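The values are calculated or read from the model by the stated rules, or taken from the named source; none is laboratory data. From a predicted model like this one, the values you see are computed outputs, not experimental measurements. Cβ placement follows ideal geometry from the backbone for every residue including glycine, while neighbour counts extend to all protein chains displayed.
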Amino acid sequence: MPPEQDGIVIVGAGAAGHTTAAGLRRHGWTGRIRLVHGEDGPPINRTLVDTGLLPGLLAVGQIALPPLDDVELVHARAVALDPETRSVALSSGQVLTGEALVLATGSAPRALDPSVEVDGDVPLHVLHTADDAARLRTAVAALDAPRIAVLGAGFIGAEVASLWATGARVTLVGRSALPLREAVGEAIAARLAALHAERVDARLGSRVVAVRSTPGGAAPARVELVGADGALEAVDVDLVVVAVGAAPAAAWAGFPAAIPADDRLRVPGMPGVYAVGGAAAPEVDGAPLRVDHWDAAAAQGAHVAQAVLHDLGLAADPGPWRPTAGFTLMAHGAVVSGRGAWAPGADVTVEAVGDGLLASARDASGTLVGVAGWNAGRAVAEAAARIRTAAAPVV
Ligand SMILES: Cc1cc2nc3c(=O)[nH]c(=O)nc-3n(C[C@H](O)[C@H](O)[C@H](O)COP(=O)(O)OP(=O)(O)OC[C@H]3O[C@@H](n4cnc5c(N)ncnc54)[C@H](O)[C@@H]3O)c2cc1C
């Protein structure tokens, strides 16, 4: 006998899952909602893990997402998906079955490339959960003038490196000489790279080849890298933070990469199953597009709530999901923000906005498709309103 369906099950209680649950209630769903959260502690605003929790500016309770009325929070890990019955098996042994199932498990930190030799007992820190932040904070606090290697100079690496620009010796290693150029254009990426060079030991354009423990050495660990000039370099450090990006957390559901979804966020071939947020790659203009930013995940959650209810015959069709959200990054006191697309080949113009910069990207027809700012948040917000909404987003 098939399991009894009971309400709507949402797996993942972050930006996308939380907003899905809130959206279902807003659209009038009165049935049961179960929201599965796979971490200890409350569901959190993850964007504040590095900028709020890690420096000790905020406590976990202050970054918790607001509890939702009449939504059951289930603390467990999902371990398997049965799309036929729309069931999810949990680590607790429980099986949840819904009239609709929304997969919103976000992403997980990528590991170092397997070509990087890691030997010995080197503590490699990542930064994703509140526990990760607590562990890293404790490790840093135990050291006097710690030497920290941050491997990866993308969004999280940039923010983390800038936290300890004083009071510690930070070595920031990035593969690109101009990190984030694809997301914000060359002019703004160059300003960020220059600021990194001023504030930390920036090894941009470098490739890590090994991380070794060095018991009895000058420091507990040694990072070996090939520098921008091709020479082998070594940096002695007390601890290593790996910030080389995040991959979709979808393997538990049988997806080796991002979960595919159509433009209503439905998983193809799995009726009643939907996917949103960092775990998903919905179709935009015929191509899959994964966007792992908070606002985009929240927007997908709001959209899928209506799509689910539409498919159950309870709401109007929300139409195709279109990515329009952006991001904000804070590093060394500078604010980098972006909205819309930076498609390769876009025509980019840059103008001064006070001490900041506003970069605008236009497609071949001259249509504004993306903007990015360096200390120009207001100008970005104003320009964003003129972006063609059909644009693909910053990824
Ligand atoms: C340190 C850090 C800083 C960031 N800063 C920014 C920023 O400044 N701006 C920005 O736009 N974005 C930022 N991001 C990215 C942003 O947090 C994500 O894009 C966003 O949280 C994605 O939302 P989501 O709902 O898909 O996933 P999440 O918000 O990560 O939520 C995932 C949910 O799924 C649960 N889960 C995962 N696996 C399982 C499982 N197997 N079983 C059950 N539950 C599971 C988790 O416990 C959680 O409840 C940052 C990310 C990190 C890690």
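Worth pointing out:
- Looking across A177, A145, A133, one residue alone is surrounded by 16 or more Cβ atoms within 10 Å (Cβ to Cβ) and in contact (Cβ under 8 Å) with a residue 12 or more places away in the chain. It is A133.
- Residue within the stretch 239-257 that is in contact with an Asp or Glu (Cβ under 9 Å, 6 or more places away or on another chain) and closer than 16 Å to T20 by Cβ present: no
- Selection count where residues are under 23 Å from A281 (Cβ atoms) and either in contact with a Phe, Trp or Tyr (Cβ under 6 Å, 6 or more places away or on another chain) or more than 6 Å from the ligand (Cβ to nearest atom) (or both), scope the stretch 25-44: 1
- Residue count for the stretch 257-284, restricted to those that are closer than 22 Å to E39 by Cα and within 13 Å of the ligand (Cβ to nearest atom): 9
- Verdict on D238 being touching a residue at least 12 places away in the same chain (Cβ under 8 Å), in the same structural domain as R137 (by TED's automatic domain parsing) and surrounded by fewer than 23 Cβ atoms within 10 Å (Cβ to Cβ): yes
- Scanning the stretch 312-334 for residues that are charged (D, E, K, R) and under 30 Å from W164 (Cβ atoms) turns up nothing.
- Residue within the stretch 305-322 that is modelled with pLDDT of 95 or more, among the basic types (K, R) and either within 30 Å of A141 (Cα to Cα) or outside the structural domain of G174 (by TED's automatic domain parsing) (or both) present: no
- Residues that are under 19 Å from A250 (Cα atoms) and of a type in the set (G, A, S) were ranked within the stretch 288-317; the one that is farthest from the chain's Cα centre (by Cα) is G301.
- Filter pass, A392 being surrounded by 21 or more Cβ atoms within 10 Å (Cβ to Cβ), under 24 Å from the mean Cα position of the chain (by Cα) and either at pLDDT below 85 or not assigned by TED's automatic domain parsing to the domain that holds G167 (or both): no
- Against the conditions (1) within 15 Å of the ligand (Cβ to nearest atom); (2) farther than 30 Å from A305 by Cα; (3) exposed (fewer than 15 other Cβ atoms within 10 Å of the Cβ), G254 satisfies every one except (2).
- Some residue of the stretch 68-78 being out of contact with any Gly (no Cβ under 8 Å at 6 or more places or on another chain), farther than 23 Å from D40 by Cα and among the hydrophobic types (A, V, I, L, M, F, W, C): no
- Checked against (1) without any contact (Cβ under 8 Å) to a residue 12 or more places away in the chain; (2) closer than 22 Å to D113 by Cα; (3) not assigned by TED's automatic domain parsing to the domain that holds L124; (4) not acidic (D, E), W252 meets all criteria but (1).
- Answer from A287, A341 - the residue that is surrounded by 19 or more Cβ atoms within 10 Å (Cβ to Cβ), modelled with pLDDT under 90 and more than 15 Å from the ligand (Cβ to nearest atom): A341
- Strands (runs of 3 or more DSSP E) lying entirely in the stretch 59-151 (those with 3 or more residues that are at pLDDT 95 or above and under 20 Å from the mean Cα position of the chain (by Cα)): 107-109
- Tally of residues being farther than 26 Å from H303 by Cα and near the ligand (Cβ under 9 Å from one of its atoms) across the stretch 54-78: 1
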